[in-house]
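This report refers to the structure that appears directly beneath it.
Derivation of every value follows stated rules applied to the coordinates shown; laboratory data play no part. None of the values given here were measured: they were computed from a predicted structure.
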Amino acid sequence: MEPYIMTKKLRRDDMIVKTKYAKDYNLVHRYLCGDRDAGQELYASIYPLVQQFIWNHPNAKTLTESAKEEILSQTMMTSVEKLEYYNGTSSFSTYVCGIAKFKILEKIKSSIKESEKENNIYNSAKILVKFYNCIK
């Protein structure tokens, strides 16, 4: 065992797990088992970090405040829905920030698609106007 790794034996699905982030893993495990206090402690500690991550992310600079709030909300919801995938190999905040990064990129991609649709509609309207003027 490496000296810098803090390990704690935790039982999950009849398997002993050693992890560097035993506290986070233990809180997640307790929350999955129905301990609401563990969930509150877990999310209270990461919420400001995730919010700061989203607001300061270079790709999110062009997004509106409401879009950033939506990303934060979607990130937290997804992290709860996918909680069973957290395995303790990183801190829980890193896990959730990874989800946030994906949500930011997803939002930017959908904004680009929406912008392209608007441009296509605008260009189509211009063509129709030219065609209509030629018919006159």
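Some observations on this one:
- Note, ³J(HN,Hα) from phi for the range 73-84, Karplus 6.51, -1.76, 1.60, rounded to Hz, x at Gly and Pro: 4, 5, 4, 5, 5, 5, 5, 6, 5, 9, 4, 5
- Taking the range 10-109 as the region of interest, the number of lysine pairs whose Cα atoms are within less than 24 Å, with members eight or more places apart or on different chains, is 19.
- The C-alpha radius of gyration of the range 10-109, expressed as a fraction of 2.2 N^0.38 Å, stands at 1.14.
- Additional length obtainable on full extension of the chain from VAL80 to SER66, 0.36 nm per residue less Cα span: 2.9 nm
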